[in-house]
Structures are given as structure tokens and as C-alpha cells.
Amino acid sequence: MATPIDSIPFFSSLPLPSLMTIMKVTKTLEIEKDKNLFNQGDEADGLYVLLSGKLQVYIFSGHVGGTNKVLAELEPGKYVGEFGLIDGDKRSASVRMIESGEVLFLPAIAFAVVMDNQPVVAQAVCDYLCDKVSALPRVSWTSPKAKWIHEKNVKPSLSNMKTLCKIMREHNKQTAVLQKG
């Protein structure tokens with residue numbers, strides 16, 4: 001039995017009972033065309049999975065009167081806000097509906113409770129984040145902590161997951177700067 005969230009990489013290996021526990025804390029929202037789910041700089045509130053319609057992810061141009069830079073257009077089954085679900089950092093991009101539709105919303109607060117009560121969920125998310133950090137180019141595996149990440153010996157605590165998200169966000173920022181230059 002597939003759920004809308006098992007397509008999310010850090011949930012894909014979870015057993016059905018864990019997926020159903022996560023689904024119990026989600027809610028479906030209808031979003032009108034041209035309405036933003038969130039804006040760049042907003043406080044993160046959770047993860048959104050597109051059920052129907054179409055989303056556009058964009059960043060502000062950086063100057064008054066400039067056009068926004070579109071990063072992606074997402075079809076049903078895609079998701080946004082996975083780092084914000086875990087680390088609570090401000091949104092790094094804006095997301096708006098370009099075709100009316102529905103999203104499945106997983107609130108960060110409810111997800112934190114699920115992770116506290118479902119160690120298998122916390123472990124799956126932590127392992128996924130370790131894999132993502134390990135795959136980053138230009139990451140040196142010489143320090144003991146880096147080796148723990150590479151070997152997935154990181155305790156699946158929210159604090160450690162926030163640190164892993166921070167590493168990925170920093171890498172994404174550096175990559176964006178290099179692409180501009």
C-alpha cells in the first residue's frame with residue numbers, strides 16, 4: 001500500500017506501520033493558483049508533498065524590479081521543505097502553485113513527536129542525511145566526526161540531524177555562489 005510520503009527518500013525504506021503513523025499527523029490542503037505555500041525567508045513549518053496541480057520554486061532576484069529566478073517546476077509526487085522539516089531554518093526559496101491543486105502537509109512539530117516515539121523513523125532520516133552529506137563533493141573524510149557520518153555512526157538525534165542539514169545547506173549556498181561567478 002503506497003502512501004503519498006513513501007516517495008520521499010528518507011521515508012522510502014520505512015515499514016508500513018511507520019508510514020501510517022506519519023500519515024496520521026499530516027493534513028491535506030487545497031491551494032489556489034498563484035498562491036504561495038511559503039516565501040523565501042519565512043520560518044520553516046514543515047514539509048509539503050504535491051498531490052495535484054503544479055508548483056514553482058523560485059528565489060528573489062536580489063534587486064528591486066528584477067525578475068525572480070525560477071529554480072524548478074514540480075509535478076505531483078514531488079515535495080518541498082524537507083530540510084525545514086528537520087532543522088527549522090528559514091526558507092531558502094519561495095514556492096507557489098502555478099496550477100491549483102492539493103498538497104499534503106507534514107508539520108515539523110508533529111514530525112518531531114513521531115521521531116521521538118518511532119526510533120526507526122529517526123534512524124531512517126539520520127541515515128539518509130548521512131548518505132547525502134557523504135555524497136557531497138569536496139568533503140574530506142579525515143576527521144573522526146566526518147568518518148562517523150560516512151559510516152552512519154551518528155546518533156539519530158534531532159540535534160545531529162540539524163547539523164547534517166546545516167552542512168548540506170552550506171554546501172548548496174557555496175555551489176550557488178560558484179555558479180554565479
Qualifying residue in region 102-122 (condition: in contact with a helix residue (DSSP H, G or I) (Cβ under 8 Å, 6 or more places away or on another chain), more than 23 Å from SER18 (Cα to Cα) and either surrounded by fewer than 19 Cβ atoms within 10 Å (Cβ to Cβ) or small (Gly, Ala, Ser) (or both)): no
Residue within region 85-93 that is polar (S, T, N, Q), part of a loop (DSSP other than H, G, I, E, B) and more than 29 Å from PRO156 (Cβ to Cβ) present: no
Residue that is at pLDDT 90 or above, touching a helix residue (DSSP H, G or I) at 6+ places or on another chain (Cβ under 9 Å) and surrounded by 13 or more Cβ atoms within 10 Å (Cβ to Cβ), where the choices are VAL57, VAL49, VAL25: VAL25
Any hit, region 51-67, residues being touching a Phe, Trp or Tyr at 6+ places or on another chain (Cβ under 7 Å) and outside the structural domain of LEU164 (by TED's automatic domain parsing): no
Search result, residues across region 154-181 that are at pLDDT below 80 and more than 17 Å from the chain's Cα centre (by Cα): GLN174, THR175, ALA176, VAL177, LEU178, GLN179, LYS180, GLY181
Meets criteria (in a strand (DSSP E or B) and among the acidic types (Asp, Glu)) for GLU43: no
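The values are calculated or read from the model by the stated rules, or taken from the named source; none is laboratory data. Computed from a prediction, not measured in an experiment: that's the story for all the values here. So basically every Cβ, Gly included, is an ideal-geometry build from the backbone, and we count neighbours across all protein chains shown.
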